[in-house]
Structures are given as C-alpha cells and as structure tokens.
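So the structure is just underneath, and the comments pick up after that.
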Amino acid sequence: MKRKLLFLALFLTAIQPLMADEGMWLPALISQRIADMQAKGFKLSAEDVYSVNQASLKDAVVLFGGGCTGEIVSDEGLLFTNHHCGYSYIQRHSSVEHDYLKDGFWAMNRKEELPNPGLSVSFLERMEDVTGQVLKGYDSSMSEAQRDSVVRANSAVLTRAATAEGKGLRASVEALYYGNQYFLFVFRVYRDVRLVGAPPSSIGKFGGDTDNWMWPRHTGDFSIFRVYADKDNNPADYSEDNVPYRPKKSFKISRAGVKEGDFTFVYGCPGSTKEYAVSEDVRYVSELSDPQKIALRTLRLDNIKKYMDQSQAVRIQYSSKAANVSNAWKKWQGEAKGIDKNKTVAVKRDYERRFAEWAKGTRYEGLVERLNGLFERRHPYYLAYEYYSETARAIELLSFASNIRNTLGNAQAKANAAESFFKDYFRPIDEENFAALMDAFGKNLPEEFQPEYYKTKMAQFGSAEAWASYVFDNTLFIDKDKVLALKESDEGIVLTDPAFEMYNAFYRWYYDDLRPIINELSPEIELAYRDYMQGQMDFEKDKTFYPDANLTLRVAYGHVEGYTPSDGVYYYPVSTLKGIIEKDDPNIFDYDIPQRLRDIYAEGGHEDQPVCFLATNHTSGGNSGSPVINADGNLIGINFDRVWEGTMSDIVFDPEICRNISLDIRYLLFCIEHIGGATYLFDEMEFVD
Ligand code: ARG
Ligand code: ASP
C-alpha cells in the first residue's frame, strides 16, 4: 500500500510539469510563478521578465495598434508582428497597380519604409496595484453607481498624475478579478511606425480562412515594422526627421529550433476571457449567441465570397473585411463545440451546487443562484442587441451614412471618410447582405423583440429584397459626388435619406428599448460577479486564480506539444515546408503559393524547413504577434493562432486540447532571405544559436 502511494506520488510529480499550463499571469506578480516556471525549464529570473528598475523582457514587448502584440528585435526599433496584424495597413498601401497584399512588400532601405497614419505601439512602463487608492472613499453601504463614481474619480487622479510628464505617456486603471483588484498601467505610445516588410499573402495568409484556427498549419503569418522616435528617443508624430527608436531591450533570436517538450513562454496582450463565468452565462454563449451569430455571418460570407471569386478588384476590396467576418465566425464554431464536448455547462452547474452548499450561512448564500437568474433575465435583450450588431450594424451603407452625418461640418473629414469608404465598397455585396440579414432578422428574432420600424418596412415592401432595392436606389450615400457635395446646411436631406433613416431607426431601437434594460441589469451583474469571484477564491483556498484577460500584458508559459483532436488521431507539433508543397494547388486560392517558393523547394535541401509549431500556452485574441520565447529568454517564434478544437479556452481551458499556434522564427528568416531578398535586415538582429 505504501509503495503504491509512493508510486502514485512520484507519478503525479512526474506528470505535473506537463499539466496545468492554464493561466495568463501578471508580469508584475511573476515572482509568484517563477519557481514553477523554473521547475519547468525557464532559466531567467523574475526581474529578467519584469522590472521597473532595469531593462527587462517587458521592454521589448508592445501592444501593436489596438488589439495585437509585437516585439522589438533590434537596437534600431525593428518590430515583428503577424501578417494579419499588419494586414489593414498593408492593404491601405495596396492598389491594383502595386498590390502589396498579393506581391508582398520589402523596403530595401530606410527611405523606402512606409508610414502608417493612425498606427501606434505602446510600451508598458510600469504596472502597479492601486486597489487601495482606487477604492478610497468607498464603503460597502454605497450603491454600485456610487462605487463607480468613486472608482472613476480616483482613477482619473491616478492616471493624470502618472502621465503628468507628457512625452507620449498614456495611463489607465484596469479592473482585475471583476473589480476585486485594480492595477494602474502606464504606457509610452509611439505613433510613427513604418512598414518594413511583408511576405505575399500567399505566404503570410497561406491557407487563408480555410486553414485559419486549424492544425496542421503552414502560414507565414508575419510582417515587419520599425518604430521611429524624435531625436531624443521620445514619441513623435510622423516626420522625415524622426530616427529609429532605441529600445531599452530587444529580443535576441534563436535559430536552435524547437522540439516536443521544450519550454515556451508567450509574452503578450490577451484581449478577453471569462474563465470564472456562471453556467447560464456559458450556456448563453454556446447554445444561443454563438450558433445564431454563426448563421448570420454565414449569409454575409456567402455573398462576399461569391463576388470575390469573380473579380480581383473586389478581392482586394473585401479581403480584409472578409477575414474579419470569417475569423470570429469560425472561432465561435470551435468554441461552441468545445464547450459542448467538455460539458462545461453541466460541470459549472455541478460546481455551483457545491458552491451553494458551502455558501450557506456565509455572505455568499444565494449568490450564484441570483447571478444565474440575472443572466436568464438579460438573455433575450442581449440576444436582440447582438442581432442589432450582426445585422443592421453590418450593413456598410448604413454606418457610412451615420459617419457622414457626423462629419457634415468638417469638409476634410467628410472627404476622407468618403474616400476610404468608396475605395473598398462594392454595392452588390452590401445590397445582398442587406436583403439576407433583414430577412433572417424577421425569421429568427422573436416578434416581440422586433422594432416597429422593421415590421412597418417589411409590411410596406413585402420582402427584405424589395426593401433593400428601395433603399439602395434612393439613397444619396451610394453616390460619391453627392456625398462630397453635402454641406453643413444639408442635415435635413441626410435625416430623410432612406439609409440614414434606417440606421437611425435601428439605433433608436437599441438605444431606447434594449440598452436601458441591459444597463439596468449590468450593475447588478457586475456586483454579483465581483462577489462571486471573491467567493470562488474563498471556496477554493488552495487554487491559484489568474485574472481574466483584459488586453493587459500577460505571461503564459507552457511547452511544445502535439494533441489528439479526435479518437485515433494525433497531431505532431511541428510543420515544415514539405507540408506547404503538399497543400500547394494553383487552382485553390488559399493554397496557391508564389512560384518563387516552388522553385526554391525544387532546388532541394529545404524539405525540413520548419514553418509552425504547437504549444500549450494559454493565449487569446490579442496574443497575435506575441513573442514566443525559449527557456533562455530568446525569440523562437511569433504566436498567431489557436487550434480550432481548443478555442473554448476563453471560457474553459482543457490542457489536453488547447494549443497555441506559432510561426517558427526560422521560417520568417527564410522568407526574408529567399522571398524578400532583404537580408540587410539580418545585420541589425542579434542571433544566438
Ligand atoms: N485566427 C487568428 C486570430 O484570431 C488569425 C486571424 C487572421 N486570419 C484570417 N484568415 N482571418 O486572429
Ligand atoms: N489570432 C488571434 C489574435 O489575433 C490569437 C488567438 O485568438 O489565439 O490575437
């Protein structure tokens, strides 16, 4: 018996390093995890990961734009991120004459780098627990609204003080654990960021939406930028006089490669997760929200695809839009399935039963029941709200009409808005989307939740198609010259335009009918969630809780590992160029590789060129572009995706199935050399092998 126990203990410690890679940890508190990280192979210290006193890895990681991550890889501000993170910027520089999306782009010297107005990167200066300061003046007799104003006022004082120095500083106070804790984040934001290189989409988006969220994967999902600063290394608007930013820290690049079991560390900005949600919240996602939104997006994607297949011009116009629509569409499918397969709703209900039992006689008594009840009340309204955003808000013309109305007094802003809208607008897609979405709206949303405006229009025109024709034939917003000719005094014309009128009617419905009820329930839900979060921590004293993602910088560590997606199948964790050639097919858009890549392969010697790898890091949307670091703290890859069967990791992390997908850094180097011929970039990188 004793021997058995001993064996069990040994067995458990032996498998432990392979388990529990769940978690996205706060860098400032990494000292609490560092022993575990080191036990799993990491060789650096907590101070190497995050420090405010000395240069640390965090100084080489940035929030790229509004929702991706990037990393600095040279002393001259060179930055890597994903192709899909740079995509909209590459697209804006593209036209049929010079199509950088299709052909790739390579600056051959600094002068050729392309500026990107509106793009910025944010370096984290420091983060700090400010819970006490944020809650100063609050006492538990206050209402949620009063608490909110206390939090807001105190946060404003803190962020103002933190950014007093100016020089591109931005600060925000973020709630963690549903507001049981608050952290101040101070960033330095650089706003002159130039495009240096991007592979053709047939490499950077190889596999397209077909392979998106899937393994085996062969996407060369990278793009290269450079951060510029003024001569004092401070943030500045774009100027020819700016100079490459000199970072406190940049990543060294390892060409040693990865193998199964190797330690991996993803340093980046995951956007949003809800790991501690109640069962009703999860049930809503997997049984109502995901399936309905998937169906609505299928309608749009079918229309878009039909026209993209017919015309190269439309393909350029809608490539970025289609990728956006398709990305969440596919993720939701994996997520709903994953929740279903893991029986997460049932598991949560069981947990809640035990929690409720334990909570009897404590201040948590009745809490979880109440929280579930609140969600039940909110669901129909929230679903209607999601219908609003996936239908009326998805008709391009309507949003454009509203944008133009807001710029009536500003001719330049109006001209800019019109310019960028018409550059990428194709009426048949939008008109058919209108008809399909408005048709589905009436069929799927219970009648008592439909706005009167909708019912009147459908009665008037008889069908969504006829209604669409009427709007598109009679709106002025379809005509660029008419839009440009609008004057400030033309507000009356805008207000009676059928496109604007419809935009406005749906907006009023959301604003007057849905929002008040959703908003009325929100503070109650927030308060209950805050208590429930604390309750779970008290209930499971021995468990370490990491805060849900909120686009703040996090550490996720794990190791390279394959997985079994279904019975009888095992996926190896590494893909190679050989697999690209196996998929290559000139007749399939997503798999049609550049001739150059075929030629290089034919020369021989590149069969085993690594392309992507899988690991067990807990990542989310926003982690795209994140540096993947080895045990020595050197760059081995760029994170860009997760496997489809594991996309429920935003709600429930299954260590058997959840895998992040990274680009092997050696494929990036291969592309710079063989596809871009931009090997001059190697001179500024530092390699360790
Ligand atoms: N699934 C990845 C992420 O969520 C990549 C998305 C871009 N690629 C695409 N084919 N849409 O961002
Ligand atoms: N592809 C995602 C991103 O853009 C990453 C993920 O969801 O795993 O951030």
Checklist outcome for this item: Cα-based Rg then Dmax for the range 75-159, in Å, read 22.6, 66
Checklist outcome for this item: Length gained if N416 through S463 is fully extended, taking 0.36 nm per residue and subtracting the Cα-Cα distance, is 13.4 nm
Checklist outcome for this item: Listing S624, S122 by rising number of other beta-carbon atoms within 10 angstrom, fewest first, gives S122, S624
Next on the checklist: So if a site counts as exposed when it's one of the GluC sites (Glu not before Pro), its DSSP state isn't H, G, I, E or B, and it has at most 15 other Cβ atoms within 10 Å, what's the longest stretch of the chain without one?
Outcome noted: 366-539
Next on the checklist: Need one word for the range 85-243: rounded, prolate or oblate. Basis is the Cα gyration tensor (sqrt eigenvalues a ≥ b ≥ c); a/c below 1.5 gives rounded, then a/b vs b/c decides.
Outcome noted: oblate
Checklist entry - Taking K and R as +1 and D and E as -1, what net charge do the other residues with C-beta under 12 Å from the C-beta of S420 add up to? => result +1
Item to check | Fully extended contour minus Cα-Cα distance, from D340 to T564, at 0.36 nm per residue | outcome: 78.9 nm
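Run the numbers on the chain and let me know its relative contact order in percent, using alpha-carbon pairs under 8 Å that are six or more apart.
Relative contact order here is 23 percent.
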Next on the checklist: Give me a comma-separated list of calculated 3J(HN,Hα) values for the range 103-110, in order, Karplus coefficients 6.51, -1.76, 1.60 applied at θ = phi - 60°, integers in Hz, x for any Gly or Pro.
Outcome noted: 9, x, 9, 9, 6, 9, 7, 4
Checklist outcome for this item: the range 189-345, Kirkwood Rh and Cα Rg, ratio Rg/Rh at 1.05
Checklist entry - Want the number for E656 to E144: 0.36 nm per residue separation, take away the alpha-carbon distance, what's left? => result 180.3 nm
Checklist entry - Taking a spot 7 Å from the Cα of N324 along the direction of its beta carbon, which residues of the range 388-412 have an amide N less than 19 Å from it? => result 388-407
Item to check | Surface/4 of the Cα convex hull for the chain, nm² | outcome: 34.0 nm²
Checklist entry - Across the range 528-638, how large is the tail of the calculated P(r) beyond 25 Å, expressed as a percent of all Cα pairs? => result 50 percent
Checklist entry - How long are the semi-axes of the ellipsoid equivalent to the range 281-367, from square roots of 5 times the Cα gyration tensor eigenvalues, in whole Å, largest first? => result 43, 11, 9
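As an exercise, use a Förster radius of 51 Å and the Cβ-Cβ distance of R354 and R170 to find the FRET efficiency, rounded to the nearest 0.05.
Working: r = 43 Å, r/R0 = 0.85.
FRET efficiency, R354 to R170: 0.75.
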Checklist outcome for this item: Looking only at lysines whose Cα falls under 19 Å of K305's and that sit 8 or more positions away or on another chain, we get K102, K205, K293, K321, K330, K331, K423
Checklist outcome for this item: Once phi for every residue in the range 189-203 is put through the Karplus expression 6.51 cos²θ - 1.76 cosθ + 1.60 (θ = phi - 60°), the whole-Hz ³J(HN,Hα) values, with Gly and Pro written as x, are 9, 9, 10, 10, 10, 10, 6, 10, x, 8, x, x, 4, 5, 10
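Each reported figure results from applying straightforward, stated rules to the coordinates on display, with no laboratory input. As the structure is a computational prediction, the values presented were derived from the model and not from experiment. Because the Cβ atoms are built from the backbone with ideal geometry, glycine has one as well, and the counts that use them run over all protein chains shown.
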